[in-house]
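Only one structure is covered here, and it is reproduced in the block below.
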Amino acid sequence: MSIFLSFWILPIVFILHDFEEMIMVPAWKRRESGSMNPIKRRAFGAVTDGPALCSGVAEEMVLLVIVSIACSITGGTTVYLASCVAYTFHLVVHVLACPLSRGYVPGSVTALLEMPFMVWLIIAYWCIDRSSLLSYLFWQAAALVVFVANLKLIHTFMPKIQTVLLIYARH
């Protein structure tokens, strides 16, 4: 298997994408705080603090590392393919958020840069995966449910983590 078809590529592209978010979200949230655009007000939830955002990114990274370890051990190309497709949907959301918010949204630059590579990766894994279409659809549905539920979970906990970090900083 080539380096580009390694089960470790997904965590690498994820962290490159999330570096943009970790760097830009705090400044973007401050800049857009007075925005009347509901998309901009809701984007990235109530989190305005970089370290709180990083806690969510770290949790997502752990999830992707677990997927990579499991797929490396089992040779699970179907699960990895489904995870790549779910991640690519996440990138598409970033790109679609730009016209909806009428401007830049953190993560959109790396989303645009990574999407062609992810499409290539998905095609490559589709060609080497030997599972049935039914099996693939099952794992794709499972991956989408896990990714969406996890995003909801971290967006619930990041504001709480932000509050704890602010209290810690004051005492």
Of 85, 145, 164, 119, the only residue that is at pLDDT 95 or above and over 19 Å from residue 17 (Cβ atoms) is 145
Of everything in the range 125-163, what is more than 19 Å from the chain's Cα centre (by Cα), surrounded by fewer than 12 Cβ atoms within 10 Å (Cβ to Cβ) and in a helix (DSSP H, G or I)? Give them in sequence order. 127, 128, 133, 134
Would you check which residues across the range 61-80 are over 14 Å from residue 6 (Cβ atoms) and buried (at least 20 other Cβ atoms within 10 Å of the Cβ) and list them? 78, 79
Across the range 1-49, the tally of residues that are of a type in the set (Phe, Trp, Tyr) and at pLDDT below 90 stands at 3
Considering the range 96-117 alone, what residues qualify as being in a helix (DSSP H, G or I), within 13 Å of the chain's Cα centre (by Cα) and not polar (S, T, N, Q)? 111, 114, 115
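The values are calculated or read from the model by the stated rules, or taken from the named source; none is laboratory data. The model shown is predicted, which means the values in this text are computed figures rather than measured ones. A quick note on method: Cβ atoms are made from the backbone with ideal geometry, for glycine too, and the neighbour counts reach across all protein chains shown.
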